[in-house]
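Down below is the structure, laid out as structure tokens.
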Amino acid sequence: MRIYITGASCAGVTTLGQKLATLLRVRHVDVDDFFWMPTNHPFTTKRPASERVSLIQQKLGHEDWVLTGSCMDWGDALVTRVDLIVFIVTATPVRLERLAAREKKLFGNRIAVGGDMHQIHGDFREWASQYDNPNFSGRNRARHELWLSEQIAPVLRIDGADSVEKLAVEVIQALPPTPQ
């Protein structure tokens, strides 16, 4: 079985993917691990799309897996044969709280005023806050919904405010039966 989980930044996509991979004993791959080049100020230099896709395909292999993140507009080859697409919808205030906590944990004082990542953090927060704006030129809910409507695989919409345990049960119950 192959599951693709997507949604806005800090919606709970990676957390759910990790939980499902553990429960189902399958590989978990997050697109952010391949989207960005490794740089001293992380998340500043994008890797070329064709290189991302190739690296992710190699990491996924031919077994069952869970893929998390957003590869809309560049990674259709990654989701052509998924069994289920999970779309996590989480309110913007909840996502922004999670974003602040995650960034603080990862980067500490580097994101504080005067820190070397303060501007990067502020720009990311502003970008993430625009997700529900259909006129935003970056990743937004309207573009995600359009992309989802064009997919062949079934799409499960879940509420990212629920516990990861509850979400994992919903996803497992939605999986199509495995052929005998």
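Rule-based calculations on the coordinates, nothing more; no lab input. Keep in mind that this is a model prediction, so the values were computed, not measured. Every residue, glycine among them, receives a Cβ derived from its backbone with ideal geometry; neighbour counts consider all protein chains shown.
A few points about this structure:
- Around Ile85: net Lys/Arg minus Asp/Glu count, Cβ-Cβ under 14 Å: -2
- Of the options (1) -0.45, -1.54; (2) -0.40, -1.32; (3) -0.40, -1.56, only one is log10 I(q)/I(0) by the Debye sum over Cα atoms at q = 0.10, 0.20 Å⁻¹ as computed from these coordinates, and that is (3).
- With R₀ set to 45 Å, the beta-carbon distance separating Leu23 from Val113 gives a calculated FRET efficiency near 0.65.
- Leu96-Thr44 FRET efficiency (beta carbon distance; Förster radius 25 Å; 0.05 resolution): 0.75
- Here is the list for the range 53-107: chymotrypsin sites (Phe, Trp or Tyr not before Pro) lying in DSSP coil, each with at most 16 other C-beta atoms within 10 angstrom of its C-beta, are Trp74.
- Between Glu63 and Trp127, the simple spin-label model (points 7 angstrom out along Cα→Cβ) gives 3.3 nm.
- Charge sum, other residues only, whose C-beta stays under 13 Å from Asp64's C-beta, Lys/Arg counted +1 and Asp/Glu -1: +2
- The stretch between Lys166 and Asn135, if pulled fully straight at 0.36 nm per residue, gains 7.9 nm over its current Cα-Cα span.
- Within a straight-line Cα-Cα reach of under 26 Å, Lys166 can be paired with the following lysines, leaving aside sequence neighbours fewer than 8 residues apart in one chain: Lys19, Lys105.
- Percent RCO, i.e. relative contact order, over the chain, from Cα pairs under 8 Å lying at least 6 residues apart: 30 percent
- Mean ellipticity per residue at 222 nm, deg cm²/dmol - from DSSP H runs of n ≥ 4 across the chain, formula -39500 (n - 2.57): -12500 deg cm²/dmol
- Positive-end ranking of Trp74, Gln151, Met117 along the dipole of the range 68-158, with charges on Cβ about the Cα centre, is headed by Met117.
- Here each label is just a point 7 Å from Cα along the line to Cβ, and for Lys105 and Thr178 those points are 3.0 nm apart.
- Choice from Val86, Val13, Val26 with maximal GNM fluctuation in the chain (Cα, 10 Å cutoff): Val26
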